[in-house]
Amino acid sequence: LSESDFILKNQKTSYVPDSLNVDELEKQAIINALNKNNRNLSKSAEELGLGRSTLYRKMRKYGI
């Protein structure tokens, strides 16, 4: 038997949006990256594939 034979694995719950609104999805992706990286903007921007200035602008847009 291997790990893949078992259904119960270490699963993290993630945000499931009520709609597929692009702005809401983007906002939640930013929040998740910031939480994962302990609010480190450089690491969060890198993970999201954004420049830091773009991340700042999007955070301001979404009130984060």
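Computing FRET efficiency as 1/(1 + (r/R0)^6) for Arg57 and Asn37, where r is the C-beta to C-beta distance and R0 is 25 Å, gives about 0.85. Among the trypsin sites (Lys or Arg not before Pro) in the range 22-64, those placed in a DSSP loop whose Cβ has at most 15 other Cβ atoms within 10 Å are Arg39. Computed over protein heavy atoms with a 1.4 Å probe, the carbon and sulfur contribution to the accessible area of the range 18-64 reaches 47%.
The values are calculated or read from the model by the stated rules, or taken from the named source; none is laboratory data. The shown structure was predicted, so the numbers you read here are calculated from the model rather than taken from an experiment. Every residue, glycine among them, receives a Cβ derived from its backbone with ideal geometry; neighbour counts consider all protein chains shown. The protein model used for the area step is the full one, side chains on, heavy atoms only, and it has no ligands, DNA or RNA in it. Shrake-Rupley method; radii C 1.70, N 1.55, O 1.52, S 1.80 Å.
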